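The values are calculated or read from the model by the stated rules, or taken from the named source; none is laboratory data. It should be emphasised that the depicted structure is a prediction, and the values quoted were computed from it without experimental measurement. Counting neighbours? That spans all protein chains shown, and the Cβs are built from the backbone with ideal geometry, glycine included.
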Amino acid sequence: MSTTDLDDLVDAPAGAGAGGLDSWRTLPAAQQPSYPAGADLDSVTAALRSMPPLVFAGECDDLRTRLAMAARGEAFVLQGGDCAETFAGTTADNIRDRVKTILQMAVVLTYGASTPVIKLGRMAGQFAKPRSSDLETRDGVTLPAYRGDAVNDYAFTPEGREHDPARLLRTYHASSSTLNLIRAFTTGGFADLRRVHEWNRGFVGNTAKARYEVMARDIDKAMKFMAACGADFEALRGVEFYASHEALLLEYERALTRIDSRTGDPYDVSSHFLWIGERTRQLDGAHVDLLSRVRNPIGVKLGPSTEPDDVLALIDRLDPDREPGRLTFITRMGAPRIREALPRLVETVDRAGGQVLWICDPMHGNGFESPTGYKTRNFDDIVDEVRGFFEVHAALGTVPGGVHLELTGDDVTECLGGFEQIDEAALATRYESVCDPRLNHQQSLEVAFLVAEMLAARAAS
Ligand code: PEP
Ligand code: MN
């Protein structure tokens with residue numbers, strides 16, 4: 001994250017006169033918790049409103065400027081992290097290894113793209129999940145579905161699955177300590193380019209990844225060239241790293257929306273970047289309304305059923321001024337569909353003069369259940385969707401601006417394939433995700449090398 005002046009952020013009072021920040025309350029809101037009678041949501045939101053901001057308005061503005069560069073092809077976005085963060089997973093090692101994985105990937109992508117890579121964690125706030133079913137049945141017992149640690153517990157018991165507003169406060173604190181460590185890691189020397197490069201040499205050196213050796217050697221040569229030219233590596237000891245999550249729980253996001261007294265504009269200070277999910281992007285719905293009113297850069301997920309008219313209407317609602325960097329479309333079509341579903345959306349936006357950033361989420365359209373009952377994804381499908389994304393943009397002369405990945409720094413076995421050839425039998429050995437399957441550390445780096453090849457080919461053409 002960039003350093004910024006301490007902005008003067010003040011609470012946005014409830015009700016009228018607060019820039020319509022409460023008008024979502026009159027609209028249909030999908031995927032919200034249903035708290036039991038007597039649960040004290042009001043005291044929780046009052047407490048949240050008194051908490052310090054997790055991010056500053058100026059940082060959100062800086063990110064918007066960076067994302068505008070990505071929309072023009074002058075930068076590339078790497079957005080990644082868990083499907084669902086958990087309170088138990090908020091440990092130093094876990095956070096460090098995710099940051100490390102993203103930094104390693106970013107160096108490879110920077111080399112491939114020959115542009116800066118914007119590092120955007122799906123971190124420090126990704127604690128709430130939309131679900132396709134309200135209920136889950138196991139062995140004849142039916143309970144409320146797990147909706148993320150911000151809402152209820154993963155433990156399959158009636159008490160665990162009850163929705164509890166006090167979890168919103170734990171969400172704030174878990175996000176705060178995660179961000180604190182991210183800020184320390186990314187400014188305190190851990191992100192030193194020379195060190196990240198050494199980690200990548202370890203990745204290529206340890207396993208038979210001949211395909212990536214050429215690029216790894218080229219990066220090595222580039223580093224030596226920089227050193228010979230007298231590059232100031234000390235200045236490369238810190239990096240900008242931004243946070244993002246799905247803005248799902250409206251009470252939480254509203255309680256953390258503050259007015260920037262410099263400008264009078266509202267910012268959702270729970271994170272730098274917020275996105276609206278595929279299940280909550282209804283044009284007349286509460287999520288679109290609340291996010292239309294905050295100044296943060298925002299995203300919307302677009303699945304295969306999205307119509308061109310939907311994207312035009314979303315632009316009108318969320319980015320009426322066509323401000324570069326404000327709006328990102330994160331497409332998640334599925335590998336078999338992307339080449340046919342994406343072009344008409346991109347063409348429509350392009351013709352209408354929309355200034356959006358296109359990011360590819362190759363995860364959410366490619367899930368399936370293994371015969372052994374694990375939610376999984378194929379490494380090759382993930383790569384194929386990204387390849388299709390690049391092909392579509394190449395054919396249209398538009399910009400493939402980034403990738404959005406579910407990943408972890410751990411050696412889990414949740415997605416099939418990759419160099420380690422994780423197969424269906426191996427899924428059982430280390431499946432830890434409480435929601436969707438993530439790329440493990442090795443698979444994440446492999447994806448980075450493959451996407452870097454696509455970026456390099458694009459830069460050369
Ligand atoms: C997610 O990103 O975890 C998610 C639920 O995605 P989508 O809204 O695209 O289904
Ligand atoms: Mn997910």
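Things to note:
- Residue 143 vs. criteria part of a strand (DSSP E or B) and of a type outside the set (Val, Ile, Thr): yes
- Put simply, of 38, 73, 80, 112 the only residue that is under 22 Å from residue 273 (Cβ atoms) and not in a strand (DSSP E or B) is 73.
- When 307, 251 are checked against the criterion of being within 22 Å of residue 9 (Cβ to Cβ) and surrounded by fewer than 20 Cβ atoms within 10 Å (Cβ to Cβ), a single residue qualifies: 251.
- Some residue of region 214-224 being on the phi < 0 side of the Ramachandran plot and not in a helix (DSSP H, G or I): no
- Listed by position, the strands (runs of 3 or more DSSP E) enclosed by region 343-461 that each have at least 2 residues that are surrounded by fewer than 19 Cβ atoms within 10 Å (Cβ to Cβ) and modelled with pLDDT of 95 or more are 367-369.
- Residue 305 satisfies every condition listed in (1) farther than 24 Å from residue 72 by Cβ; (2) more than 16 Å from ligand 1 (Cβ to nearest atom) except (2).
- Within region 255-279, tally of residues that are surrounded by fewer than 23 Cβ atoms within 10 Å (Cβ to Cβ) and either assigned to a helix (DSSP H, G or I) or within 16 Å of ligand 2 (Cβ to nearest atom) (or both): 3
- Flag for residue 97 being within 21 Å of residue 271 (Cα to Cα), modelled with pLDDT of 95 or more and either away from ligand 2 (no atom under 16 Å from the Cβ) or in a helix (DSSP H, G or I) (or both): yes
- Residue match in region 215-238 (condition: under 26 Å from the mean Cα position of the chain (by Cα) and over 23 Å from residue 441 (Cα atoms)): yes
- Counting residues in region 76-96 that are buried (at least 24 other Cβ atoms within 10 Å of the Cβ), more than 18 Å from residue 326 (Cα to Cα) and touching a His at 6+ places or on another chain (Cβ under 6 Å) gives zero.
- Long-range neighbours under 8 Å by Cβ, at least six apart or interchain, first residue within 12 Å of residue 448 (Cα to Cα) and away from ligand 1 (no atom under 16 Å from the Cβ) within region 79-107, second in a loop (DSSP other than H, G, I, E, B) and hydroxyl-bearing (Ser, Thr, Tyr): 101/408
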